[in-house]
1. Residues of A:315-325, mean number of Cβ from any other protein chain within 10 Å of their own Cβ, rounded to a whole number?
2. For the residue pair A:Trp69 and A:Trp49, what label-to-label distance in nm results when each label sits 7 Å from Cα along the Cα-to-beta-carbon direction?
3. Over chain A, calculate the relative contact order: mean separation of alpha carbon pairs under 8 Å at least 6 apart, over the residue count, as a percent.
4. Semi-axes of the equivalent ellipsoid of the range B:1-130: what are they in whole Å, largest first, if each equals the square root of 5 times a C-alpha gyration tensor eigenvalue?
5. Can you tell me the 0 to 90 degree angle between the C-alpha axis of helix B:231-249 and the longest principal axis of chain B, rounded to 10?
6. Over the range A:233-328, calculate the relative contact order: mean separation of alpha carbon pairs under 8 Å at least 6 apart, over the residue count, as a percent.
7. Could you order A:Arg414, A:Arg380 by accessible surface area, starting with the largest, using a probe radius of 1.4 Å?
8. Per q in 0.08, 0.10 Å⁻¹, report the Debye log10 I(q)/I(0) for chain B, using one uniform scatterer on each alpha carbon and no solvent.
Amino acid sequence: MQQPPSPAAFTPEPYKYGFVTPIDTETAPKGLSEATVRYISAKKGEPDWLLAQRLKAFALWQTMETPSWGKVAFPPIDYQDAYYYAAPKKKAAPQSLEDVDPELLKTYEKLGIPLKEQAILAGVEGAVAVDAVFDSVSVATTYKKALEEKGILFCSLTEAIHNHPDLVKKYLGSVVPPSDNYYAALNAAVFTEGSFVYIPKGVRCPMELSTYFRINAANTGQFERTLIVADDDSYVSYLEGCTAPKRDENQLHAAVVELVALDRAEIKYATVQNWYPGDENGVGGIYNFVTKRGLCKGASSKISWTQVETGSAITWKYPSCVLQGDYSSGAFYSVAITNHHQQADTGTKMIHIGRGTRSTIISKGISAGHAQNTYRGLVRMARTAHGARNKTQCDSLLIGDQCGAHTFPVIVSRDPTARVEHEATTSRVSEDRLFYCQQRGLSLEEAMALIVNGFCREVMKELPMEFAVEAQKLIGISLEGSVG
Amino acid sequence: MLEIKNLSAAIDGKEILKGLSLSLPKGQVHAIMGPNGAGKSTLSYVLAGRAGYTVTGGSVTLNGQDLLAMAPHERAAAGVFLAFQYPVEIPGVTTMNFLKTALNAVRAARGEKALDVMQMLKLLRAKAKAIGMDEDMLKRPVNVGFSGGEKKRCEVLQMAVLEPRLCILDETDSGLDIDALRIVADGVNALRDANRSMLVITHYQRLLDYIKPDRVHVLAGGRIERSGGPELALELEEKGYGQASAGAQA
Ligand SMILES: Nc1ncnc2c1ncn2[C@@H]1O[C@H](COP(=O)(O)OP(=O)(O)OP(=O)(O)O)[C@@H](O)[C@H]1O
Ligand SMILES: [Mg+2]
């Protein structure tokens, strides 16, 4: 009696980025209080107006309740049992790349993040400027000089607070106010680092800008805050990446990202999210509770969010667009993969205010193992949104029969001339597709990765070329252990 | 060479192959004919290792290697290629990317170096041209929206690219117009060589005018009921399976 052998029992490749950097760390005293907020602000040498804003946000947060509407389950978080500030010890802030702690440079090398500048020649494609954030501080920003020549500001938020206070004061919190939600209020109180980008009028940013977030310290929350402002007729493409060591306890990551696009400006924001997802039994992993919102403030401005979400134990995020300028447009392209015991509740909000505004939503959810994957979306057409259009396409793919996919689209339309289209599908990876690929020489895992990548193609093609290949591999790795 | 001995196989508990034996020497082309539902596709799936097809007895070796002990992709690496009766669509994966991934996977399994982008492009273009396939087809997702004939042509393209040792063609001629039949047959003939064996499943003698078989077998009742030279196909065409079999028994 013989059966075609089932594909060799498969050992998933361990999370590649799970190492810890041995480095002396300075942390705030454990716990969260007004004193913690003051400690962080003092560490950063912040002006009084910012401390006042933080304290106000903290007071507000204390009156708020944890949101419970998401389709995610986790035990209550003990906010007193964590650290809110962690920074590698150092004598003085590094002035140049040569001054950066070699242990840190080694870390980024291991992560595959280039912290060296290649000599940039006029017109060279493919260079990426990186801001590297390690726990609560930025350790290096590359290509700053080259960008400054064009008037582009790309630095850590802390630096921007000191060097460009007017811009920060004008825009910080203007898109996501502390009152927006529980985690946004928490972030406004204790945010530690993030990136700041300003593209001046009429400038097309000549390279990809990128921030790489790394959580290293144990038991520490990361609360970064990113602010990108694109002035009239400017363009920027930005990529965010993230990893964390493998640990048994859950760690909280509650970030805020704000984008502002002025007249005819365009911002493309891409995320490849690969926080530690926990092990195959659901132990450990990052809680990724993030508020991301873009304001298309100017007429004919454009903002797009592209995300490939493969990591985190729990993902709770809804990158959104407020389409205020007439004829502005927003897009959300998302791939969310959950395996083992991961939970993702993600989607977007498209708020149409200006006339002739357009939005596109393409969401691809893939669940395997015991994972739960939810799309949650809101399309709102205000009374003023004459002739506005939205097109939403939501596809779910299931691998195995222990996982779940859920779709909660909400449409609110107050303008009779606005049009909203919604399409949703749920499917399984079919045996005949897998067999067809296997017959051509692919192992079961390779076949699965290829088919899933095909399923995600409309989203993957929105990623900057430099990262598309990495993202494709990541999809394969995330699915490991899901078949066999 | 391919050696099938006393092979029995079942789907969902239903026995389809019942002690089938066949030997296909290196360099030869054998045709398999037989009525609908006789188990021809089942045989091809069992040889390729499709899940759900339970082998209940017998053995299959390819050049001395036990095929039945291998996973489907290992069989592919060992040189088994199946041109599907019903080729499968893979949305979002371009034919180019599919062929590239497949060829490099098979090369890796055979200990050969991966081809780089330029080498691959050159190879695929040349092979597509030889089979009369428009290069633009390579940019379309695998089989999605392809016409019946285009799908079959795409199967032969894949076969030409992967250069297998054992080609199983399951009704590759059905759905082809007369010109396409000739082009596909030419493509198959171009692959004939002393180290490659072919099992050609067909209902029509017409294909065998183009691809001259060394032997013709009739699969019926779950086994090879009758074998003969190319003239057997002509006889079947004329008399049908019922009478031809009756003749054989007489
Ligand atoms: N899942 C299944 N359960 C039960 N019987 C099945 C199943 N799949 C196939 N069969 C049966 O197996 C038999 C052989 O089918 P197969 O496809 O191998 O025939 P074939 O010789 O290729 O026919 P055709 O010439 O029409 O292509 C048929 O009777 C078919 O109905
Ligand atoms: Mg058949």
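The values are calculated or read from the model by the stated rules, or taken from the named source; none is laboratory data. Since we're looking at a predicted model, the values are computed, not measured. Here the Cβ positions follow ideal geometry from the backbone for every residue, glycine too, while neighbour counts run over all protein chains shown. We work out accessible area using only protein heavy atoms, side chains counted, and drop any ligands, DNA or RNA first. Shrake-Rupley method; radii C 1.70, N 1.55, O 1.52, S 1.80 Å.
1. On the way: counts 0, 0, 0, 0, 0, 0, 0, 0, 0, 0, 0.
Mean shielding by partner chains, rounded to a whole number: 0.
2. It is 3.3 nm.
3. With pairs under 8 Å counted, the relative contact order is 10 percent.
4. Equivalent ellipsoid semi-axes, largest first: 30, 17, 15 Å.
5. Helix B:231-249 sits roughly 40 degrees off the main axis of chain B.
6. The normalised contact order for the range A:233-328 reaches 32 percent.
7. The ordering from most to least exposed comes out as A:Arg414, A:Arg380.
8. Values, matching the q order: -0.30, -0.48.
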